[in-house]
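Novice: Can you read through this structure? Questions will come right after.
The values are calculated or read from the model by the stated rules, or taken from the named source; none is laboratory data. Worth saying up front: this structure is predicted, and the values here are computed from it rather than measured. Every residue, glycine among them, receives a Cβ derived from its backbone with ideal geometry; neighbour counts consider all protein chains shown. For accessibility, only protein heavy atoms count, side chains too; no ligands or nucleic acids. Shrake-Rupley method; radii C 1.70, N 1.55, O 1.52, S 1.80 Å.
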Amino acid sequence: MADALKIGIAGLGTVGASLAKILVERRDMLQTTCGRPIEIAAVTARSKGRDRGVDLSAAEWFDDPVALAREAKIDVFVELMGGAGDPAHAAVKAALSRGVHVVTANKALLAAHGVELAGIAEKHGSLLNYEAAVAGGIPVIKALRESLTGNTISRVYGIMNGTCNYILTKMEKEGLSFEACLKEAQRLGYAEADPAFDIEGNDTAHKLSILTTLAFGTRISADDIYLEGITNISIDDIRAAADLGYRIKLLGVAQKTDTGVEQRVHPTMVPLDSVIAQVDGVTNAVAIESDILGELLMVGPGAGGNATASAVLGDIADIAKSRPGAQTVPALGRPAAALAPYKRAQIRKHHGGYFIRLSVEDRTGVFASIARHMAENGISLESIVQRAQATAESTDPKTIILVTHATMEDSVRKAVASIKSDGYLVGEPQVIRIERPKTA
Ligand SMILES: NC(=O)c1ccc[n+]([C@@H]2O[C@H](COP(=O)([O-])OP(=O)(O)OC[C@H]3O[C@@H](n4cnc5c(N)ncnc54)[C@H](OP(=O)(O)O)[C@@H]3O)[C@@H](O)[C@H]2O)c1
């Protein structure tokens with residue numbers, strides 16, 4: 001039997017405590033499958049006295065995560081504290097720099113410093129594994145980094161934020177407002193007290209930036225992502241989408257185009273009969289389209305202590321099973337120095353279908369004027385629907401919903417601007433991009 005793999009865990013919260021429990025409870029099973037025991041040799045958290053639901057008295061306690069990373073007698077440093085800055089950043093750097101492998105679930109850290117950390121890992125022959133950082137328990141990092149080697153990837157997209165998917169699902173199923181569903185998500189612990197990071201799309205953007213790098217070999221560029229959150233989605237949009245055969249999801253999409261790589265996070269219409277439209281509640285899904293394999297769709301738990309710990313454990317087990325001195329997998333799929341600069345494709349050049357919902361005054365000629373502006377901008381319509389038919393005497397606003405065939409975003413923006421300047425719109429127009437799975 002080989003020597004035990006000694007790990008140090010920094011962070012004993014939701015994920016760290018779940019991981020520690022699994023490691024203790026499944027020690028024998030892990031020893032058999034990994035060929036050696038996995039031992040928790042050192043731990044740190046903010047509060048030493050807090051009960052973690054597992055006996056960690058045999059592990060050396062450190063007050064400072066950076067000291068643990070620098071000094072503890074460990075083979076693997078497991079970073080489960082979170083945050084892009086210190087101590088997570090300094091501790092991970094310290095571990096990698098002395099040849100200690102690192103496993104982390106920290107998407108914020110990778111989005112901000114992934115290329116730097118990958119470079120340090122390469123220099124010192126250490127591994128940097130981060131399966132849990134994107135879509136929790138779904139093994140999407142391994143799929144992109146290892147399983148799809150040799151494929152040329154054209155698009156990666158997915159539902160990567162359980163809070164947003166829970167809210168959108170609940171709005172549709174129960175006909176409730178965004179605000180009511182957000183409150184319920186907070187009550188159930190699916191949304192933070194300050195939910196902005198999730199509902200504005202930033203969390204999805206962090207994850208997407210990592211997938212973009214793995215898919216397209218470009219440097220991580222988390223600040224260069226087109227971002228729209230879900231706060232603007234109304235129950236009217238959700239109902240109109242359903243009537244027209246679509247469902248609204250917050251998607252992160254990375255796609256190669258002729259002008260660069262699109263990275264965008266926004267509410268998206270997906271066809272009702274697509275598999276991704278069926279992904280409800282806090283569940284996540286990631287689709288990868290590539291030339292050799294075709295379309296791969298993975299669905300599973302995107303968060304939670306156990307689901308996330310499962311992915312962390314998989315990364316630790318990979319290290320336990322690896323042979324000393326064996327060639328290591330580059331953290332970002334290729335050597336950090338071989339990553340290409342990220343070239344952003346302009347969102348105005350995005351080509352796709354659009355859902356446009358307009359609230360208009362009940363005047364003659366409005367319908368014809370809208371159709372004319374669409375035609376003038378070369379936009380062909382898949383459908384145009386007028387709702388809430390007013391009576392002859394009524395001047396209540398009417399709703400007009402347009403679904404376009406694939407067209408350039410610039411044309412849609414110009415057409416909508418012309419419609420606005422005609423002066424018959426009531427309120428702001430709603431424009432939502434449509435995303436179609438390759439096979440739909
Ligand atoms: N929770 C999920 O479902 C999930 C899913 C995917 C990825 N992740 C990622 O996993 C990581 C951990 O998330 P979590 O939900 O487990 O967070 P959490 O419950 O807030 O736990 C954070 C842990 O880190 C410790 N900690 C924080 N700052 C520290 C410091 N300066 N020094 C020492 N210890 C410190 C805390 O100590 P105390 O306990 O003493 O306060 C706590 O044990 C994050 O990167 C997160 O993005 C989480």
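Novice: With the structure loaded, tell me whether residue 393 is within 27 Å of residue 262 (Cβ to Cβ), outside any helix (DSSP H, G or I) and at pLDDT below 95 or whether it fails that test. Step through it out loud before you land on a result.
Specialist: Working: within 27 Å of residue 262 (Cβ to Cβ): no; outside any helix (DSSP H, G or I): yes; at pLDDT below 95: yes.
No; evaluated as a whole, the condition is false for this residue.
Novice: Of all residues being more than 24 Å from residue 18 (Cβ to Cβ) and in a helix (DSSP H, G or I) in the range 95-104, which is farthest from the ligand (Cβ to nearest atom)? Just the residue, please. First the steps, then the outcome.
Specialist: Taking the range 95-104 as the starting set, the residues that turn out to be more than 24 Å from residue 18 (Cβ to Cβ) are 96-99.
Within this subset, residues satisfying the condition of being in a helix (DSSP H, G or I) are 96-97.
Working: 96: 17, 97: 19 Å.
Selected residue: 97.
Novice: How about the range 14-46: which of its residues are open to solvent by 40 Å² or more (accessible area, probe 1.4 Å) and within 14 Å of the ligand (Cβ to nearest atom)?
Specialist: Matches in the range 14-46: 14, 21, 46.
Novice: Shifting gears a bit: Quick one: would you say residue 218 is within 15 Å of the chain's Cα centre (by Cα) and buried (at least 21 other Cβ atoms within 10 Å of the Cβ)? Step through it out loud before you land on a result.
Specialist: Details: within 15 Å of the chain's Cα centre (by Cα): no; buried (at least 21 other Cβ atoms within 10 Å of the Cβ): yes.
No: the conditions fail for residue 218.
Novice: Among (1) more than 16 Å from the ligand (Cβ to nearest atom); (2) under 27 Å from residue 188 (Cα atoms), where does residue 285 come up short?
Specialist: Condition (1) is where residue 285 drops out.
Novice: I've got another one for you. Filter the range 297-307 down to residues that are closer than 18 Å to residue 252 by Cβ and surrounded by 18 or more Cβ atoms within 10 Å (Cβ to Cβ) and give me whichever is farthest from the ligand (Cβ to nearest atom).
Specialist: Kept after step one, since they are closer than 18 Å to residue 252 by Cβ, are these residues of the range 297-307: 297-303.
Cutting the leftovers down to surrounded by 18 or more Cβ atoms within 10 Å (Cβ to Cβ) gives us 299-303.
Details: 299: 16, 300: 12, 301: 9, 302: 7, 303: 3 Å.
Looking at residues that are closer than 18 Å to residue 252 by Cβ and surrounded by 18 or more Cβ atoms within 10 Å (Cβ to Cβ), I get 299.
Novice: Just checking, how many residues over the range 318-341 are surrounded by 16 or more Cβ atoms within 10 Å (Cβ to Cβ) and touching a Cys at 6+ places or on another chain (Cβ under 8 Å)?
Specialist: Residues meeting the conditions: 1.
Novice: Also, I was wondering about something else. Could you list all residues from the range 221-238 that are acidic (Asp, Glu) and open to solvent by 40 Å² or more (accessible area, probe 1.4 Å)? Walk me through it before giving the result.
Specialist: Pass one, the range 221-238, residues acidic (Asp, Glu): 223-224, 228, 236-237.
Once the filter is applied, which keeps residues that are acidic (Asp, Glu) and open to solvent by 40 Å² or more (accessible area, probe 1.4 Å), the range 221-238 yields 223, 224, 228, 236.
Novice: Let me ask you something else. Restricting to the range 396-408, give me the number of residues that are surrounded by fewer than 18 Cβ atoms within 10 Å (Cβ to Cβ) and modelled with pLDDT of 95 or more. So that I can check it myself, show each step before the final result.
Specialist: To start, the set of residues in the range 396-408 that are surrounded by fewer than 18 Cβ atoms within 10 Å (Cβ to Cβ) comprises 396-397, 399, 405-406, 408.
Right, trim to modelled with pLDDT of 95 or more and you get 405-406, 408.
Number of matching residues: 3.
Novice: Of the residues 364, 439, only one is outside any helix (DSSP H, G or I), open to solvent by 70 Å² or more (accessible area, probe 1.4 Å) and touching an Asp or Glu at 6+ places or on another chain (Cβ under 9 Å); which?
Specialist: Numbers: 364 fails: touching an Asp or Glu at 6+ places or on another chain (Cβ under 9 Å).
Just one listed residue meets the conditions, 439.
Novice: Can you pull out every residue in the range 60-94 that is more than 14 Å from the ligand (Cβ to nearest atom) and hydrophobic (A, V, I, L, M, F, W, C)?
Specialist: Residues satisfying the conditions are 74, 76.
Novice: Here's a check for you: in the range 105-150, which residue that is away from the ligand (no atom under 14 Å from the Cβ), open to solvent by 30 Å² or more (accessible area, probe 1.4 Å) and not in a helix (DSSP H, G or I) is nearest to residue 204 (Cα to Cα)?
Specialist: Here the answer is 149.
Novice: I'm trying to understand the selection: among the residues of the range 174-201, which are over 15 Å from residue 268 (Cα atoms) and in contact (Cβ under 8 Å) with a residue 40 or more places away in the chain?
Specialist: If we filter the range 174-201 for residues that are over 15 Å from residue 268 (Cα atoms), which is where we start, we get 174-198.
Hits for the range 174-201 are 175, 176, 177, 178, 190.
Novice: Between 41, 20, which is in contact (Cβ under 8 Å) with a residue 24 or more places away in the chain and part of a strand (DSSP E or B)?
Specialist: On the way: 20 fails: part of a strand (DSSP E or B).
41 is the lone residue from the list that is in contact (Cβ under 8 Å) with a residue 24 or more places away in the chain and part of a strand (DSSP E or B).
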